[in-house]
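Take a look at the structure set out below.
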Amino acid sequence: MNMIVTVDNNWAIGNKGGLLVRIPNDNKALRQETAGKVVVLGRKTLETFPQGKPLAGSTNIVLSTNSNYQVKGADIVHNLEELFEELKKYNDDEVYIIGGESVYRMMLPYCDVVHVTKIDHNYEADAYFPNLDMLKEWEITAEGEEQTYFDIAYEFVKYERRART
């Protein structure tokens, strides 16, 4: 499985239930990478999307502990067991975990590739992604050119899990 995440210099991903920043090129990269594939996300992450709607062109699986939660255009699961049962329908390399913090932490052990947009800035934040640079089982396998959006510098970095021994 794969993950896609946008982090700042401290591996922060969000603050007060929202994203740290919106970078159009980052959003475009997410849509391109996940088009026609499966995205797994939490309810709170879905609520940060435009009009709170699922990603068009992708199969959306939303994890919510609320048994009454429903959203048009998405499959809802309520726990890890239900999620894995639903994911049996798909190839692992077609599945992308896209947030938020608790979903990332829960699913990181099951992923082998993480696509990280690294923003060269320190934001005020209350949600974080594990710092892959500090975890020996992860290594950088690709780095894109630094880009800018107004005064925000960022780059796309691909991490892969080292071979399990």
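So the values come out like this:
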{"read-out": "Single unsatisfied condition, ILE76 versus (1) part of a helix (DSSP H, G or I); (2) open to solvent by 20 Å² or more (accessible area, probe 1.4 Å); (3) within 25 Å of LYS16 (Cα to Cα)", "value": "(1)"}
{"read-out": "SER67 in a loop (DSSP other than H, G, I, E, B) and open to solvent by 50 Å² or more (accessible area, probe 1.4 Å)", "value": "yes"}
{"read-out": "All positions within segment 22-58 that are touching a Ser or Thr at 6+ places or on another chain (Cβ under 9 Å), open to solvent by 40 Å² or more (accessible area, probe 1.4 Å) and part of a loop (DSSP other than H, G, I, E, B)", "value": "ALA35, GLY36, LYS37, GLY57"}
{"read-out": "Leading residue by the ranking (nearest to ASP126 (Cα to Cα)) among those in segment 5-21 that are open to solvent by less than 20 Å² (accessible area, probe 1.4 Å) and within 11 Å of the chain's Cα centre (by Cα)", "value": "VAL7"}
{"read-out": "Unmet requirement for LYS53, which otherwise passes all of (1) under 20 Å from ARG105 (Cα atoms); (2) of a type in the set (Lys, Arg); (3) touching a helix residue (DSSP H, G or I) at 6+ places or on another chain (Cβ under 9 Å)", "value": "(1)"}
{"read-out": "Entirely in segment 100-165, the strands (runs of 3 or more DSSP E) that have 3 or more residues that are open to solvent by less than 20 Å² (accessible area, probe 1.4 Å)", "value": "113-119, 152-161"}
{"read-out": "Close pairs from segment 139-151: first modelled with pLDDT under 95, partner open to solvent by 70 Å² or more (accessible area, probe 1.4 Å) and among the β-branched types (Val, Ile, Thr), Cβ under 9 Å, at least 6 apart", "value": "none"}
{"read-out": "Top-ranked residue in segment 79-99 [being of a type in the set (D, E, K, R) and under 17 Å from the mean Cα position of the chain (by Cα); ranked as least open to solvent (accessible area, probe 1.4 Å)]", "value": "GLU94"}
{"read-out": "Verdict on GLY100 being closer than 26 Å to TRP138 by Cβ and either touching a residue at least 12 places away in the same chain (Cβ under 8 Å) or out of contact with any strand residue (DSSP E or B) (no Cβ under 8 Å at 6 or more places or on another chain) (or both)", "value": "yes"}
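The values are calculated or read from the model by the stated rules, or taken from the named source; none is laboratory data. Just so you know, these numbers come straight off a predicted model, no measurement behind them. FYI the Cβ positions are ideal-geometry reconstructions off the backbone, even for glycines, and counts take in every protein chain you see. These area figures cover heavy atoms from the full protein model, side chains too; ligands, DNA and RNA do not enter into them. Shrake-Rupley method; radii C 1.70, N 1.55, O 1.52, S 1.80 Å.
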